[in-house]
Amino acid sequence: MKMIAPSILSADFSRLGEEIGAVERAGADWIHIDVMDGHFVPNITIGPGVVSSLRKTTALPFDVHLMIARPEAYIDAFAAAGADVITVHAEAATHLHRAVCAVRERGIKAGVSLNPATPLAAVEEILGDMDLLLIMTVNPGFGGQRFISSLLPKIARARRMIDASAPGVILQVDGGITVENIAAASRQGADCFVAGAAVFGADDYGAVIGAMKRLAASPQERL
Ligand code: DX5
Ligand code: ZN
């Protein structure tokens, strides 16, 4: 099943609980939470305290995307805050396999994210120990950026790599996903679609998420 994970990065931060409730009612599958530290990426967002408070507002899985240096040091804090998935960047973790194992030891899903310039080979040896592979389709740091369409073949190659060696791994894409390009990303084999500006910038969250689900499920359909 194809999944939509709205990124609260583009939500109204003064009403985060209400915004999560609204996308839940609109059909969101996961809530994507972008954690930025001003070191790994040039922006600062939210920490485990906010995640812990938001945990009370929904039963939907929290998909926590750590765009931070030394992610290993924060796995415990985000697990305790209620994350269901913790994704670390291959470029940020010195001991990536250790980080992935540490996440799984907390009984939650372990993801690894790759920046646009990072080859799939960065995770090839540890794919069997992962639950999710995140292909960034923008350079991380900000919401509302343009989808880098030259990365479509990388999504297709990731699909083939997963099917060949670790078929249970969820293939997620993140960055610039819209109703215009979600079908193309889905055709390459992505399972889970993060969308921030496209969802929270719309007047009707239900209409956007509904259209995205329809286009991801039947990617041959045209808008
Ligand atoms: C980028 C973040 C993304 C981003 C998605 O650094 O990891 O999750 O906020 O937002 P849009 O869909 O606006 O690109
Ligand atoms: Zn993200």
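The values are calculated or read from the model by the stated rules, or taken from the named source; none is laboratory data. Predicted model only: the values in this text are computed from it and were never measured. Every residue, glycine among them, receives a Cβ derived from its backbone with ideal geometry; neighbour counts consider all protein chains shown. Just the protein is used for accessible areas: all its heavy atoms, side chains included, with ligands, DNA and RNA removed. Shrake-Rupley method; radii C 1.70, N 1.55, O 1.52, S 1.80 Å.
Evaluate the stretch 36-53: report whether one residue or more is farther than 15 Å from PRO140 by Cα, surrounded by 20 or more Cβ atoms within 10 Å (Cβ to Cβ) and more than 12 Å from ligand 1 (Cβ to nearest atom).
Checking the stretch 36-53: at least one residue is farther than 15 Å from PRO140 by Cα, surrounded by 20 or more Cβ atoms within 10 Å (Cβ to Cβ) and more than 12 Å from ligand 1 (Cβ to nearest atom).
Can you confirm whether ILE86 is within 18 Å of GLY201 (Cβ to Cβ), part of a strand (DSSP E or B) and under 16 Å from the mean Cα position of the chain (by Cα)?
no
Taking the stretch 156-171 as the region of interest, how many residues are within 18 Å of ASP63 (Cβ to Cβ) and assigned to a helix (DSSP H, G or I)?
Result for the stretch 156-171: 2.
Under the condition of being in a strand (DSSP E or B) and touching a Ser or Thr at 6+ places or on another chain (Cβ under 7 Å), which residue from the stretch 123-151 is nearest to ligand 1 (Cβ to nearest atom)?
Per the stated criteria, the residue is MET136.
Tally the residues that are over 15 Å from MET1 (Cα atoms), open to solvent by less than 20 Å² (accessible area, probe 1.4 Å) and more than 16 Å from ligand 2 (Cβ to nearest atom), restricting the search to the stretch 164-181.
Residues flagged as over 15 Å from MET1 (Cα atoms), open to solvent by less than 20 Å² (accessible area, probe 1.4 Å) and more than 16 Å from ligand 2 (Cβ to nearest atom) within the stretch 164-181 amount to 1.
State which residue is least open to solvent (accessible area, probe 1.4 Å) when the search covers only the stretch 190-203 and only residues that are in contact (Cβ under 8 Å) with a residue 12 or more places away in the chain and over 15 Å from the mean Cα position of the chain (by Cα).
So, considering only residues that are in contact (Cβ under 8 Å) with a residue 12 or more places away in the chain and over 15 Å from the mean Cα position of the chain (by Cα), the one least open to solvent (accessible area, probe 1.4 Å) is PHE200.
Tell me the residue from GLU105, GLU91, GLU72 that is open to solvent by 60 Å² or more (accessible area, probe 1.4 Å), within 16 Å of ligand 2 (Cβ to nearest atom) and farther than 24 Å from ALA198 by Cα, please.
Within the list GLU105, GLU91, GLU72, the selection yields GLU91.
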